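These notes concern the structure reproduced below.
Bear in mind that the values in this text are calculations on the coordinates, not laboratory data. Source: prediction; values computed, not measured. Positions of Cβ are backbone-derived with ideal geometry, glycine not excepted, and every protein chain shown enters the neighbour counts.
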Amino acid sequence: MTAQIISGRDIAQKIIQKELIPRVRMLNKKSVQPKLVVIFLGENSASASYIRQKEKFAAQAGVASEVLKFPESISEEELLVEIKKINADDSIHGVIVQLPLPDHINVDKVISTIDPTKDVDGFSDENNSDLDIRKSLLPPCTPKGIITMLEKSGVNVAEKRVVVMGRSRIVGRPVAEMMLFRGAMVKVLHSKTPPQEAAQALKEAEVLVVAVGKPELVRGEQLSRGVIVIDVGIHRREDGSLCGDVHFESTKKVASLISPVPGGVGPMTVVSLIENTITAAEQTAN
Ligand code: GUN
């Protein structure tokens, strides 16, 4: 078996063309121009490259974007003042603070200062809970992107054995919750799961989402034939090439569907961010 590749890149482009551009046109007719602001501290090169992709997708969809750069030395207090200015600016519908942040800044404080109606990352407690995405207005972007890429690939997770590796607040936990809402039988594996339990669960998985942040941790030999694999990780190897949390070559031999790195979950996260920005703008236009 050679897995079919789930191209997040292609799905994201289709969503922009078929769904997002028409929604922006409708807003423009009501004299609303959706706008996203990205706050970027310092010079982290990976962050800079993610931000370029966010600006590119925004432009493709017709969403305005602005990157506000500050030195890494900015104080927490000064940063919170900047966020409050954006909260009060009606021309801005979405704001995100690019992570990671320097150690002297408390991420939770930053996220809770963003007006939840402009929190298009979906990181706040208001948005990142009760994650039935049919209800939640601005769901966290990576989990939403994963659900969308499965749905657009014709995968129905209801009654399937879904295994999520990783229990982070912004990926593992919310994606598990979204899968539950869709009727999946969900197991979450994490650093405290005994290895034998994890090995057994991986063998039984029909859908596997890996979000552990460890390069090529999961190998095809651990999985069963026909499994659907979503790889959330992204890492740069010493030779400069990129890889995910999943060992692609061994896994594509057993999987029926697999998301690649790059070009898989990454573009789906970004398209979800732009969609959330449009949704936020629609709320103000209604
Ligand atoms: N850093 C890496 N991924 C993300 C993301 O989705 N949002 C923000 N704000 N920062 C990130």
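Assorted remarks:
- By average C-beta atoms within 10 angstrom, highest first, the peptides 278-286, 140-148, 252-260, 115-123: 140-148, 115-123, 252-260, 278-286
- Helix runs (DSSP H) in the chain reaching 20 Å along axis by Cα, Kyte-Doolittle at least 0.0: 265-285
- Taking every alpha-carbon pair under 8 Å whose residues sit at least 6 apart, the stretch 200-284 reaches a relative contact order of 28 percent.
- At R0 = 25 Å, FRET efficiency that the Cβ-Cβ distance of Lys152 and Glu197 yields, to 0.05: 0.20
- Point-to-point label distance, Asp125-Gln33, nm (Cα→Cβ direction, 7 Å offset): 3.7 nm
- Of the beta bridges in the stretch 148-274, as assigned by DSSP with both residues counted there, near 10 percent are antiparallel.
- Placing pseudo-labels 7 Å out from each Cα toward the beta carbon at Ala64 and Glu76 gives an inter-label distance of 3.3 nm.
- Normalised by the number of residues in the chain, the average gap of Cα pairs under 8 Å and 6 or more apart makes the relative contact order 24 percent.
- Unit charges on C-beta of K, R, D, E only; dipole of the chain, Debye: 1060 debye
- Using a simple spin-label model with pseudo-atoms 7 Å out from Cα toward Cβ, Asp89 and Arg25 lie 2.9 nm apart.
- Overall form of the stretch 76-138 per C-alpha gyration tensor (a/c, 1.5; a/b vs b/c): oblate
- Note on Leu101, Leu150: ascending count of other Cβ atoms within 10 Å places them as Leu101, Leu150, the fewest first.
- Difference of contour (0.36 nm per residue) and Cα-Cα distance, Met185 to Lys253: 22.0 nm
- Cα gyration tensor shape for the chain, rounded if a/c is under 1.5, else prolate or oblate: prolate
- With a Förster radius of 35 Å applied to the C-beta separation of Lys56 and Thr2, the computed FRET efficiency comes to 0.65.
- For the residue pairs Lys14/Lys35; Lys160/Lys203; Lys29/Lys84, the alpha carbons lie more than 23 Å apart in Lys29/Lys84.
- Using C-alpha pairs below 8 Å separated by at least 6 residues, the relative contact order for the stretch 223-267 is 48 percent.
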